[in-house]
Amino acid sequence: MEDILGKAMSLLREHPLCDSCLGRQFAMLGYGITNGERGRALKTILLLDAHLRLGAGDEGALEDLRALASNGFFEPARRLLEKLGHRAPPSPAECRICRGITSRIGELASRALEALRSYEFSNLLVGVRLPAEVEEAEDALRAEFGLEHGETLRNELSREIGKMLVGELGVPVEHRKPDVVVLIEPFEGSVEVWPSPVFVAGRYRKLVRGIPQAKWVCVSCGGRGCPKCGWQGKLYPTSVSELITEPIVEAFRGEDAAFHAAGREDIDARMLGRGRPFVVEVKRPRKRKVDLSWLEEEVNKRAGGLVSVSGLRYVDRDFVRRMKAERAEKVYELVVKFDRPVSDDELKALEEAFSNIRVRQRTPLRVLHRRPDKVRTRMVRELEVLGRLGPDSVRLRIRCDGGLYVKELVSGDGGRTRPSISEFIKAGARVLELDVVDVLMEGV
Ligand SMILES: [Zn+2]
Ligand SMILES: [Zn+2]
């Protein structure tokens with residue numbers, strides 16, 4: 001008791017502190033009362049104590065009453081001084097720690113409510129950012145007076161504003177994965193809303209050749225538009241990523257999006273079968289709940305037969321990481337043309353030779369301009385001759401590790417891929433048509 005009151009009085013002798021900022025230095029003591037109530041109670045007891053001591057002729061008591069009236073902004077101390085015929089000193093302009101912010105918590109909360117109004121969310125987190133010197137001054141005060149039971153101004157502000165928002169909105173505070181963070185800078189007077197991204201997963205099929213997966217930005221102008229790209233800023237009119245993300249971003253009223261996929265197919269390859277797993281990350285969404293079966297139809301309608309999506313569902317950021325880390329096996333169907341007729345026996349031997357075989361590939365010449373030159377090893381699990389299209393051309397199905405360059409597996413890429421189909425048959429071989437027909441990924 002002595003200690004708390006002694007410390008509170010020494011604080012007020014030296015520093016102007018409002019009720020909240022005094023009470024906050026003892027915030028861990030007691031429960032279910034606000035810091036403002038704590039501070040007010042301390043000042044009241046100190047006033048009674050000083051009054052008692054004054055009557056007993058204690059010299060210091062008058063100074064303490066003066067400190068309570070000025071540094072304590074405590075009206076009852078001022079009234080007592082005047083009643084006893086003493087002049088009350090003027091109060092400093094503002095509280096040393098909060099500069100009056102704690103009296104504006106309600107106002108900050110209503111501004112946060114206003115900012116949150118156009119967002120959809122089912123939980124939230126309040127963040128408060130204070131100028132470094134404010135936090136440092138508070139730390140210094142605690143060290144100077146040996147205060148061990150306090151909390152920080154930042155803590156109090158975020159908790160109290162959080163309580164008001166929760167009361168108004170009826171949604172809980174979520175610390176780990178909040179739908180929105182409302183970031184308040186009370187000293188700057190700014191309130192910002194940071195909605196966390198929405199992740200929508202599915203599989204896509206690319207039904208035509210000639211569309212890149214990602215938007216291909218024009219290298220001549222960097223996307224600003226120039227004669228070379230016909231003022232489009234990109235080299236292809238559209239891409240898988242644009243066709244899928246645009247309707248999704250609109251539906252969630254997001255500001256931007258990232259398109260994540262489990263690998264990619266070449267521009268001239270289709271993506272068929274069940275499709276390739278992807279995730280659209282919608283950034284700064286205003287809506288978080290969209291009917292995904294409606295959205296699936298909407299994407300497919302707008303993609304006009306170029307691309308289609310299926311199995312749309314909500315996932316989290318962790319799913320994106322897992323999807324990208326997994327090197328899923330791929331199944332391809334391709335038309336291969338040899339530069340001479342090949343016999344059925346040769347094709348049979350090919351099937352046997354390319355079952356569970358390890359292939360070493362140096363980075364293909366065609367991508368060497370954008371990828372480092374290195375050797376990678378991938379397995380071909382299964383090669384099946386589906387049928388003949390002529391004496392020198394066949395349709396194949398190949399199941400292999402993700403990341404294997406299939407065109408080079410066929411051609412040998414001038415000896416950079418070994419073994420290769422061309423090397424095995426001892427004839428030139430190239431891919432005429434390539435489709436990805438499956439991406440084997442568990443749970444995706
Ligand atoms: Zn204060
Ligand atoms: Zn350009």
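The values are calculated or read from the model by the stated rules, or taken from the named source; none is laboratory data. No experiment lies behind these values; they were computed from the predicted model shown. Cβ: placed from backbone, ideal geometry, glycine included. Neighbour counts: every protein chain shown.
Listed here are the residues, each with its yes/no results for (1) at pLDDT 95 or above; (2) under 24 Å from Arg264 (Cα atoms); (3) in a strand (DSSP E or B); (4) in contact with a Ser or Thr (Cβ under 9 Å, 6 or more places away or on another chain).
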| site | (1), (2), (3), (4) |
| --- | --- |
| Arg340 | yes, no, no, no |
| Leu350 | yes, no, no, no |
| Val359 | yes, yes, yes, yes |
| Pro372 | no, yes, no, yes |
| Arg378 | yes, yes, yes, no |
| Val394 | yes, no, yes, no |
| Gly402 | no, yes, no, no |
Check your understanding: Going by the conditions given, is Asp345 surrounded by fewer than 13 Cβ atoms within 10 Å (Cβ to Cβ), over 29 Å from the mean Cα position of the chain (by Cα), touching a residue at least 60 places away in the same chain (Cβ under 8 Å) and farther than 30 Å from Val249 by Cα?
Key -> no
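Yes or no, residue by residue, for (1) more than 16 Å from ligand 1 (Cβ to nearest atom); (2) of a type outside the set (Lys, Arg):
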{"residue": "Met9", "(1), (2)": "yes, yes"}
{"residue": "Arg13", "(1), (2)": "yes, no"}
{"residue": "Ala27", "(1), (2)": "no, yes"}
{"residue": "Gly30", "(1), (2)": "yes, yes"}
{"residue": "Asn35", "(1), (2)": "no, yes"}
{"residue": "Lys43", "(1), (2)": "no, no"}
{"residue": "Asp49", "(1), (2)": "yes, yes"}
Practice item. Select from the range 1-57 the residues that are of a type in the set (Val, Ile, Thr) and either crowded, with 21+ Cβ neighbours inside 10 Å or not in a helix (DSSP H, G or I) (or both) and list them in ascending order. Key: Ile33, Thr34
**Study point:** First in the range 303-314 and closer than 15 Å to Pro237 by Cβ and touching a residue at least 40 places away in the same chain (Cβ under 8 Å), second anywhere and crowded, with 19+ Cβ neighbours inside 10 Å and among the small types (Gly, Ala, Ser), Cβ under 8 Å, 6 or more apart
**Key:** none
Review point. Taking the stated definitions as given, is Glu281 closer than 18 Å to Ala261 by Cα, in contact with a strand residue (DSSP E or B) (Cβ under 9 Å, 6 or more places away or on another chain) and outside any strand (DSSP E or B)?
Key: no
Check your understanding: What pairs can you find where one residue is in the range 105-133 and in contact (Cβ under 8 Å) with a residue 24 or more places away in the chain and surrounded by fewer than 17 Cβ atoms within 10 Å (Cβ to Cβ), the other is part of a helix (DSSP H, G or I) and not basic (Lys, Arg), and their Cβ atoms are less than 6 Å apart, with a gap of 6+ or different chains?
Key -> Leu113/Glu168
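Let's see how each residue does on (1) touching a residue at least 24 places away in the same chain (Cβ under 8 Å); (2) under 18 Å from Pro285 (Cα atoms); (3) away from ligand 2 (no atom under 11 Å from the Cβ):
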site	(1), (2), (3)
Asp179	yes, yes, yes
Val182	yes, yes, yes
Lys206	yes, no, yes
Arg209	yes, no, yes
Gln213	yes, no, yes
Trp231	no, no, no
Thr238	yes, no, yes
Glu242	yes, yes, yes
Check your understanding: Does Lys83 satisfy being surrounded by fewer than 22 Cβ atoms within 10 Å (Cβ to Cβ), of a type in the set (Lys, Arg) and out of contact with any strand residue (DSSP E or B) (no Cβ under 8 Å at 6 or more places or on another chain)?
Key -> yes
